[in-house]
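The values are calculated or read from the model by the stated rules, or taken from the named source; none is laboratory data. Note that this is a predicted model, so its numbers are computed, not measured. All Cβ positions, even for glycine, are placed from backbone atoms using ideal geometry, and neighbour counts span all protein chains on display. Quick note on the areas: whole protein, heavy atoms, side chains included, nothing else; ligands and nucleic acids left out. Shrake-Rupley method; radii C 1.70, N 1.55, O 1.52, S 1.80 Å.
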Amino acid sequence: MNELRDLYQQVILDHYKQPRNFYRLKPATHHAKGHNPLCGDEVDIWLDIQDNIIRDIGFTGQGCAISTASASLMTEALRGKTLSEAHQIFDEVRAMVTTDTQLTSPAGKLMVLAGVRQFPARVKCAMLAWHTLNAALNHQTKPVSTEQT
Ligand code: ZN
């Protein structure tokens with residue numbers, strides 16, 4: 001079990017040091033800004049959605065290792081997915097980091113985020129990018145704050 005935890009930490013550190021898809025989309029069809037005041041994490045999610053498919057997704061901002069890695073893993077998992085698949089993955093990740101639910105979708109790499117379950121303050125770091133994604137998909141213009149939910 002310790003080996004598994006080490007592996008998860010390696011993946012998170014890797015995505016923190018070398019975030020994937022760390023760029024702003026121009027133009028973006030969808031965008032939202034998110035903020036986690038408890039930790040100081042800030043993230044912008046940028047999407048290019050055509051015909052209900054996420055053609056491109058990127059993120060910018062700065063935050064702790066968990067929030068950055070979560071955003072990086074999220075962009076990797078969602079590129080090329082349909083909107084309904086994206087909503088399903090969101091629901092699975094939220095269930096995974098807040099309950100004992102196991103991920104069953106092909107986005108199994110997101111499993112590494114399950115480790116935050118034991119640290120309630122870290123759940124907000126891990127979910128920030130995901131809540132911001134939801135806001136972007138809903139064309140919500142008001143910035144997302146983890147302290148409003
Ligand atoms: Zn954080």
Worksheet item: So which residues in segment 124-149 are within 16 Å of the ligand (Cβ to nearest atom), more than 14 Å from Asp91 (Cα to Cα) and of a type in the set (A, V, I, L, M)?
Response: Val144
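Taking Thr60 as the residue in question, decide whether it is in contact with a Lys or Arg (Cβ under 7 Å, 6 or more places away or on another chain), part of a strand (DSSP E or B) and touching a residue at least 24 places away in the same chain (Cβ under 8 Å).
yes
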Practice prompt. Tally the residues that are open to solvent by 40 Å² or more (accessible area, probe 1.4 Å), among the polar types (S, T, N, Q) and away from the ligand (no atom under 16 Å from the Cβ), restricting the search to segment 11-67.
Written response: 4
Worksheet item: Looking only at segment 68-84, which residues are open to solvent by less than 10 Å² (accessible area, probe 1.4 Å), within 18 Å of Cys125 (Cβ to Cβ) and either of a type outside the set (A, V, I, L, M, F, W, C) or more than 16 Å from the ligand (Cβ to nearest atom) (or both)?
Response: Ser70, Ser72, Thr75
Worksheet item: Does any residue in segment 118-132 that is farther than 11 Å from Gly63 by Cβ come within less than 7 Å, Cβ to Cβ, of a residue that is of a type outside the set (D, E, K, R) and near the ligand (Cβ under 8 Å from one of its atoms) six or more places away or on a different chain, and which pairs are these?
Response: Ala121/Leu38; Arg122/Ile66
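For (1) in a helix (DSSP H, G or I); (2) of a type in the set (A, V, I, L, M); (3) in contact with a helix residue (DSSP H, G or I) (Cβ under 6 Å, 6 or more places away or on another chain), each residue gets a yes or a no:
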| position | (1), (2), (3) |
| --- | --- |
| Ser84 | yes, no, no |
| Met96 | yes, yes, yes |
| Leu113 | yes, yes, yes |
| Val116 | yes, yes, yes |
| Val123 | yes, yes, yes |
| His131 | yes, no, no |
| Ala136 | yes, yes, no |
Worksheet entry | Out of Ser72, Ser67, sole residue that is touching a Cys at 6+ places or on another chain (Cβ under 7 Å) and closer than 16 Å to Arg20 by Cβ | Ser67
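Is it fair to say Asn36 is under 29 Å from Glu147 (Cβ atoms) and either at pLDDT below 95 or under 16 Å from the mean Cα position of the chain (by Cα) (or both)? It would help to see each step written out before you state the result.
On the way: under 29 Å from Glu147 (Cβ atoms): yes; either at pLDDT below 95 or under 16 Å from the mean Cα position of the chain (by Cα) (or both): yes.
Yes.
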Item to complete: Could you tell me whether Ala121 is open to solvent by 60 Å² or more (accessible area, probe 1.4 Å) and among the hydrophobic types (A, V, I, L, M, F, W, C)?
Response: yes
